[in-house]
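What follows is a short report on a single structure.
The values are calculated or read from the model by the stated rules, or taken from the named source; none is laboratory data. The model shown is predicted, which means the values in this text are computed figures rather than measured ones. Here the Cβ is made from the backbone with ideal geometry for all residues, glycine too, and neighbour counts use every protein chain on show. Side chains included, ligands, DNA and RNA excluded: accessible areas come from the protein's heavy atoms. Shrake-Rupley method; radii C 1.70, N 1.55, O 1.52, S 1.80 Å.
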Amino acid sequence: MRIRTTSTQRTYRYVRLALIAATLFLAVGVGIELATGGSLPSVSAAYYTPAGPVFTGSLCAIALALLALSGRSLEQGLLDVAAVLALAVAFVPTTQDALCPDGARCVPEAVLPTVVNNAAAAASVVLVGAIGAVVLARVQGTAGRGTFVTIAVIVALVLGGTAWGVVAPEAFLRSAHNLAAVSFFAIVAAVAGLAAWRPHPDGRGARGVRVAYAVVAVGILLTLVALAAAILGGATRGGLPVVLVGESVALALFAVFWFVQTVELWNDPDPRLRGGVGNTLPG
């Protein structure tokens, strides 16, 4: 028997599936680079390889999909912030050793014009989008404290990042990518944790689904901690692809989260990201 679906249901399904597809796209691009003899110390280092357009494009797709899931819940507000961080990861590259003075890690001078152009364009669009979000919230009657808090955080991130890049460009280029990437995965872990803690309001939150969310949350956090310990302990100096493995695990868990979300909410008549009663931000 054919089950009727609404356009809203289909849209949310496709957006979640797009998140999984974009993650797979990135994994395939990086995998091809590795299989053809490329040496990657991290997934982020793909920016400087033939897989660079795949790296940037997949992160842009992820950012747009996260924004498409926008709403008034705490989780959705967090994912809006994560979308902006994904753009920062995409357009402000990680540092590398090659072609840098004194062997220090840096963003090579040859790519600086690209970084400035892309980052400025992304920041401008995000700010315009923030203004548009305020106007739409007012027009649609959905404006609330949670909406404005999310927008304020996003604007603060963009303006703060811009000021940092202008005042201390070397420090910005040295640290911004890693800071954005860690913050992105920390937010995803928080969202997964909230999904595990707050069951579906109609009681359909099966124990297995909640356990899956908890595994994703704990897995991402443990991966971040393990990466920090490995880097501080000097494991990367031995030539081991510690960061590559860690980022790969985090990306896999990210895809698992959206797979579980897709399955759980596939037939939901109002399939927005949700975590239960009391989930909405005040306002």
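Enumerate the amide H contacts of R198 below 5 Å, restricted to partners 5 or more residues apart or on another chain; note that Pro and chain-start residues carry no placed amide H.
For R198, no residues qualify.
For the chain, set up a Gaussian network in which alpha carbons nearer than 10 Å are linked by springs, and say which option among V166, V28, V211 fluctuates the most.
V166
What are the principal axis extents of the Cα atoms in the chain, in Å, biggest first?
For the chain, the Cα extents along the three principal axes come out at 62, 39, 34 Å.
If we count every other residue with Cβ under 14 angstrom of A180's Cβ, Lys/Arg +1 and Asp/Glu -1, where does the sum land?
Details: positive: R174; negative: E247.
Residues close to A180 contribute a combined charge of 0.
Please report the spacing between the Cα centers of the stretch 154-182 and the stretch 20-97 in Å, no decimals.
17 Å
Give me a comma-separated list of calculated 3J(HN,Hα) values for the stretch 25-39, in order, Karplus coefficients 6.51, -1.76, 1.60 applied at θ = phi - 60°, integers in Hz, x for any Gly or Pro.
4, 5, 4, 5, x, 5, x, 5, 4, 5, 5, 8, x, x, 9
If you line up the long axis of helix 112-140 against the longest principal axis of the chain, both from Cα atoms, how many degrees apart are they, to the nearest 10?
Its long axis makes an angle of about 20 degrees.
For the stretch 99-180, what is the relative contact order in percent, using Cα pairs closer than 8 Å and at least 6 residues apart in sequence?
Working: 28 pairs, mean separation 25.6, N = 82.
About 31 percent, as a whole number.
Apply the Karplus parameterisation 6.51 cos²θ - 1.76 cosθ + 1.60, with θ equal to phi minus 60°, to every residue of the stretch 245-256 and state each ³J(HN,Hα) to the nearest whole Hz, in sequence, with x for glycine and proline.
5, x, 5, 5, 5, 4, 5, 4, 5, 4, 5, 4
Treat each spin label as a single point 7 Å out from the Cα along the C-beta direction, and report the V134 to D97 distance in nm.
Here the answer is 4.7 nm between the modelled labels.
What residues qualify as long-range amide H neighbours of Q96, i.e. H under 5 Å apart, gap of 5 or more or another chain, H built at 1.01 Å from N?
So Q96 has HN proximity to C106, V107.
At a temperature of 4 °C and a viscosity of 1.567 mPa s, determine how fast the stretch 1-138 diffuses translationally according to Stokes-Einstein, using the Kirkwood radius over alpha-carbon pairs as Rh; express D in µm²/s, rounded to the nearest whole number.
My calculation gives 76 µm²/s for D.
Taking trypsin sites (Lys or Arg not before Pro) that fall in a DSSP loop and have at most 13 other Cβ atoms within 10 Å as cut points, what is the longest piece of the chain between them? Write out the running numbers ahead of the final one.
Working: sites that count: R2, R4, R105, R204.
No qualifying site falls inside 5-104, the longest such stretch.
Compute the helix-to-body angle for 52-68: its Cα long axis versus the longest principal axis of the chain, expressed 0 to 90° and rounded to tens.
Computed tilt is about 30 degrees.
Which cysteines in the chain lack any other cysteine whose Cβ sits under 4.7 Å from their own Cβ?
Cysteines lacking a close Cβ partner in the chain: C60.
Express the relative contact order of the chain as a whole percentage, based on alpha carbon pairs under 8 Å and six or more residues apart in sequence.
Normalised by residue count, the contact order of the chain is 27 percent.
Rolling a 1.4 angstrom probe over the protein heavy atoms, how many square angstrom per residue are accessible across the stretch 37-179? Walk me through the intermediate numbers first.
Numbers: 6890 Å² over 143 residues.
Result: 48 Å² per residue.
Using a 1.4 Å probe over the heavy atoms of the protein chains, calculate the carbon and sulfur portion of the accessible area of the chain as a whole percent. Provide the component values of the computation, followed by the final result.
Working: 10000 of 14420 Å².
Ligands and nucleic acids excluded, carbon and sulfur give 69 percent.
If the elastic network links every pair of Cα atoms under 10 Å, which of A90, A61, A130 fluctuates the most in the Gaussian network model of the chain?
Ranking A90, A61, A130 by mean-square fluctuation puts A130 first.
Taking the chain as the reference, fit the longest principal axis to its C-alpha atoms, fit the long axis of helix 207-232 to the helix C-alpha atoms, and give the angle between the two in degrees, 0 to 90, nearest 10.
20 degrees
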